[in-house]
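Q: This is the structure I want to talk about, given as structure tokens.
The values are calculated or read from the model by the stated rules, or taken from the named source; none is laboratory data. Keep in mind it's a predicted model, so treat the numbers as computed, not measured. Cβ placement follows ideal geometry from the backbone for every residue including glycine, while neighbour counts extend to all protein chains displayed. We work out accessible area using only protein heavy atoms, side chains counted, and drop any ligands, DNA or RNA first. Shrake-Rupley method; radii C 1.70, N 1.55, O 1.52, S 1.80 Å.
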Amino acid sequence: MSWLRPLLLCLLLAVVPAAWAVNPDEMLADPALEQRARDISTELRCLVCQNESIDDSDADLAKDIRVLVRERLTAGDSDDQVRQFLVDRYGEFVLLRPRVEGHTLLLWFAAPGLLVIGLIVLVIMARRRRKPVAVDELSAEEQRALDSLDGPQA
């Protein structure tokens, strides 16, 4: 029976949904504006955590950026203007999905390009392996020279 209490605790923790990092004091009164803020927040990287959106992060900087997003939206900025403001302020690293532009082409196409090149190399190597290597017969002169290298046989 001592195993029952830890099992129930694990089940309870598995069932409880993850808490949102957005605090109630950050939320906007207008539900449509709040939804826009949430949509933007899920696309922005937490600069402290780096692999979380600011919507999921508990870092102080993420909270500041969430508040900044809401301030910009209430000031009348469009979603793109808010994103551009943050890119201007923090750089493109703040975007979880970088834009496809001239300076990010390598980022977007290097991995798929290397994968295609690797597959082509593997196909070429597999085809070369299947081809039998042609063995030329030795001429009579070459055979005599080879026999002379073996030395006298007993």
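Q: Could you tell me what percent of the accessible area of the stretch 27-154 is made up of carbon and sulfur, with a 1.4 Å probe and every protein chain present?
A: Values: 5430 of 9370 Å².
Answer for the stretch 27-154: carbon and sulfur cover 58 percent of the accessible area.
Q: Could you tell me the accessible area of residue 43 in Å² (1.4 Å probe, neighbours in place), rounded to the nearest ten?
A: Here the accessible area works out near 50 Å².
Q: Along the charge dipole of the stretch 102-150, Cβ charges K/R +1 and D/E -1, which of 149, 104, 118 sits furthest on the positive end?
A: 104
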